[in-house]
Amino acid sequence: MGLRTTLFIVTLLLSIGRLSAQTDTTHVQSDTTKVQNDLLNSIMTPQQEHVQLLPKKYPFTQKILWGHKGLMRNFNAFKLSPEERDRELKIRRTMLKMHQVLGFVSLAGMAAQGVVGYKLYNGDYSVKGLHEGLAAGVDIAYFSTAALALFAPPKMLDERKGYSSIKVHKILAIVHFTSMVATNILATQLESHPNLKPYHRAAALTAFGSLAAAMIVIKF
């Protein structure tokens, strides 16, 4: 075998070996990329499937409007999605700010109504019309305040366990809401049953005191 033939064969074998190595490297890189993508997908997919858009527990009044099958879900603008939930949270913040403002208005109205009611209880019937007008205004402000909280879109996450000012606020809300309903019911019975006056007064004072406490807890 001549020298030229030998050199040609050696060069050819080296070229084939280099080409084979490059091909193997390409396959290894491709397989590595595929494994990395599969691993990344296996990590990300479960997280995307379990995104919590609504808390596990929230008031039934909010579920009526904003639950998975709530009335608001019938509108395209409020389909349940991360983007729309973000907009709902902005609506929630606005409603709760109005809730606070009307809460202070209700509290001021109750205070004025209490002063006028004291005169009425002592026989000054000239203020009866004013007392009734204040009562109507307080009812509108108070129950509007309650509706803003009860029907606002729910928050994103579940409430944390343990003590919080929000929980105390909610407990006090049950007290003053019940007292307000009792005050209104008793008010309709006073003319025919004057003996109910002490109970009416007690219910009104309880409503005022618990509402004031609820506003203080949430504000400070």
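The values are calculated or read from the model by the stated rules, or taken from the named source; none is laboratory data. These figures come from a predicted structure and were not determined experimentally. Quick reminder, even Gly has a Cβ in these numbers, built from the backbone with ideal geometry, and neighbours come from all protein chains shown. Only protein heavy atoms, including side chains, enter the accessible area calculation; ligands, DNA and RNA are left aside. Shrake-Rupley method; radii C 1.70, N 1.55, O 1.52, S 1.80 Å.
Here Ala135, Ala147, Ala141 are screened, and the one residue that is open to solvent by 30 Å² or more (accessible area, probe 1.4 Å) and assigned to a helix (DSSP H, G or I) is Ala147. The residue list Ala147, Ala135, Ala173 contains one member that is among the hydrophobic types (A, V, I, L, M, F, W, C) and touching a Leu at 6+ places or on another chain (Cβ under 9 Å), which is Ala173.
Would you say Ala173 is under 28 Å from Gly70 (Cβ atoms), surrounded by 14 or more Cβ atoms within 10 Å (Cβ to Cβ) and either in contact (Cβ under 8 Å) with a residue 40 or more places away in the chain or in contact with a Cys (Cβ under 8 Å, 6 or more places away or on another chain) (or both)? Against the criterion (under 28 Å from Gly70 (Cβ atoms), surrounded by 14 or more Cβ atoms within 10 Å (Cβ to Cβ) and either in contact (Cβ under 8 Å) with a residue 40 or more places away in the chain or in contact with a Cys (Cβ under 8 Å, 6 or more places away or on another chain) (or both)), Ala173 qualifies. Within the range 69-110, being more than 17 Å from the chain's Cα centre (by Cα) and at pLDDT below 95 holds for Asn74, Phe75, Asn76, Ala77.
Results for (1) outside any helix (DSSP H, G or I); (2) surrounded by 14 or more Cβ atoms within 10 Å (Cβ to Cβ); (3) at pLDDT 95 or above; (4) among the basic types (Lys, Arg), shown as yes or no for each residue.
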{"residue": "Leu157", "(1), (2), (3), (4)": "yes, no, no, no"}
{"residue": "Arg160", "(1), (2), (3), (4)": "yes, no, no, yes"}
{"residue": "Val181", "(1), (2), (3), (4)": "no, no, yes, no"}
{"residue": "Ile185", "(1), (2), (3), (4)": "no, no, yes, no"}
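In the range 187-220, of all residues being in contact (Cβ under 8 Å) with a residue 40 or more places away in the chain and charged (D, E, K, R), the one that is farthest from Leu96 (Cα to Cα) corresponds to Lys197. Checked against the criterion of being surrounded by fewer than 16 Cβ atoms within 10 Å (Cβ to Cβ) and either touching a Cys at 6+ places or on another chain (Cβ under 7 Å) or at pLDDT below 95 (or both), the range 201-210 contains not a single residue that satisfies it. Just wondering, is there one or more residues in the range 109-127 that are among the hydrophobic types (A, V, I, L, M, F, W, C), open to solvent by 40 Å² or more (accessible area, probe 1.4 Å) and not in a helix (DSSP H, G or I)? No, that holds for no residue.
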